[in-house]
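Here is the structure we will look at, set down as structure tokens.
Where a number appears in this text, it was derived from the coordinates with a stated rule and is not lab data. Model, not experiment: these values are computed from the prediction. Cβ placement follows ideal geometry from the backbone for every residue including glycine, while neighbour counts extend to all protein chains displayed.
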Amino acid sequence: MLAVVLLVGINIWIDLYGLFWRKDAINVYSDERTSKYLLAHKYVPENFEGYILGPSLSANLNPKEIPGLRIYNLSMMGANITEQNAVLQKALQKGTPRFVILCLHPYLTADHGMKTGMINPKEYYGAFGSYSLYKAYGIALVRSLNLMPGKYPKNQFNDYGYNFYNHILQKMPVEDKINAELQVENAIPTAIDSIALTEFDSMINSLTDKKVAIIAYYHPLPYPLYKKYQTQLDAYKQKISNHLQGKAVVLDFNTEENAAFTRNFANYIDHGHVSEQGQRTLLHQIISNGKIRPAN
């Protein structure tokens, strides 16, 4: 019994997710879903004025590079609307951000339901002592010592939620990957799941009810891919924009005016995820066009 109490005490003292007492910068070390869900309990709402929401396409936007604004990237690799909303709602229970930046892509509303068991209230109690907690300790050690850079890079995450996954995901030259995707039938499914759309509306309403400013943007896709699926993507955009009407500032980065970005493959690491150069340009455009200003 004494050993259990001691272990729990050590875990509270380490406070890997800022649930108990920590107020310093906290990185993600292990499972992104579990980590961001737990960080949303206290660390995120107490330290940040804005959030980035979305799937992997927005997970590597680095808000720490934006001076004068404290924005946390709550996006998660592979996340759908159910998972993203669950993490957001946990943060909203603790505090209200001034604004959110929402990445729009068909992936977010293609299906619904939890894809894993990583976003679960039981994870909170696991922070006192559990397999997932000790796994996180182990991976944190591996990252700090750079023992497995191919799988667990040392600086993959920062304390603003940025996920620098580029070296993990990039498997071939960008143009080759885009050309390969162009040969795939229905490479960009655009159908919207009806339950996912209901959950999307619920998430938006939970923000507008709290008077949170929403800046929603259609993620820029490489020009050839967008042109191939333009009819389907335009139909998707029309439906989503109708649901956001009067509730959000909506930015579309797939217009001809933005073609200089989408035609430049140096802005991508593959058929959709942006490069370091691309994420800097994109995030600054979102901040500027969305008229996000530092609080007075």
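Observations, loosely collected:
- Proximal charge balance of ASP270 [Cβ under 15 Å; K/R count +1, D/E count -1]: -2
- Taking the longest Cα principal axis of the chain as reference, the axis of helix 131-145 is set at about 70 degrees.
- Simple spin-label estimate for ALA191 and THR208 gives 2.8 nm between the two label positions (7 Å along the Cα-to-Cβ direction from each Cα).
- With coordinates expressed along the principal axes, the C-alpha atoms belonging to the chain extend over 65, 44, 38 Å, beginning with the largest.
- Rounded to 10°, Cα long-axis angle of helix 230-244 versus longest principal axis of the chain: 60
- With at most 15 other Cβ atoms within 10 Å, longest stretch of the chain clear of loop chymotrypsin sites (Phe, Trp or Tyr not before Pro) (DSSP): 129-296
- Global geometry of region 175-296, whether rounded, prolate or oblate, following the gyration tensor of its Cα atoms and the 1.5 cut on a/c: oblate
- Inter-centroid distance (Cα atoms) of region 130-178 relative to region 104-126, Å: 20
- GNM result for the chain, Cα springs below 10 Å: residue of SER30, SER241, SER144 fluctuating most strongly: SER144
- Within the listed set LEU92, LEU169, LEU16, the Gaussian network model of the chain (springs between alpha-carbon atoms below 10 Å) gives the highest mean-square fluctuation for LEU169.
- Placing +1 on each Lys and Arg Cβ and -1 on each Asp and Glu Cβ, with no other charges, gives region 14-55 a dipole about its Cα centre of roughly 60 debye.
- Per-residue ellipticity at 222 nm computed for the chain from its helices equals -12500 deg cm²/dmol, with DSSP H segments shorter than 4 residues left out and the rest contributing -39,500 (n - 2.57).
- Mean-position separation - Cα centroids, region 206-234 and region 1-63, in angstrom: 28
- Formal net charge of residues neighbouring ASN254 (Cβ-Cβ distance under 15 Å; K, R +1; D, E -1): 0
- Once the Cα atoms are used to define both axes, helix 194-208 deviates from the longest principal axis of the chain by about 70 degrees.
- Within-14-Å neighbourhood charge of SER56 [Cβ basis; K, R +1; D, E -1]: 0
- Gaussian network model of the chain, springs between alpha carbon atoms under 10 Å - residue of LEU61, LEU104, LEU145 with greatest fluctuation: LEU145
- The simple Förster model, with R0 at 41 Å and r as the Cβ-Cβ distance, assigns LYS291 and ASP176 a FRET efficiency of 0.60.
- Trypsin sites (Lys or Arg not before Pro) within region 16-119, DSSP loop, no more than 11 other Cβ atoms inside 10 Å: LYS23
- Those trypsin sites (Lys or Arg not before Pro) in region 260-296 that DSSP places in a loop and that have at most 14 other beta carbons within 10 Å: ARG263, LYS291
- Size of electric dipole in the chain: Cβ of Lys, Arg +1 and of Asp, Glu -1, about Cα centre, debye, nearest 20: 680
- Of all DSSP beta bridges in region 2-289, antiparallel share, percent nearest 5: 10
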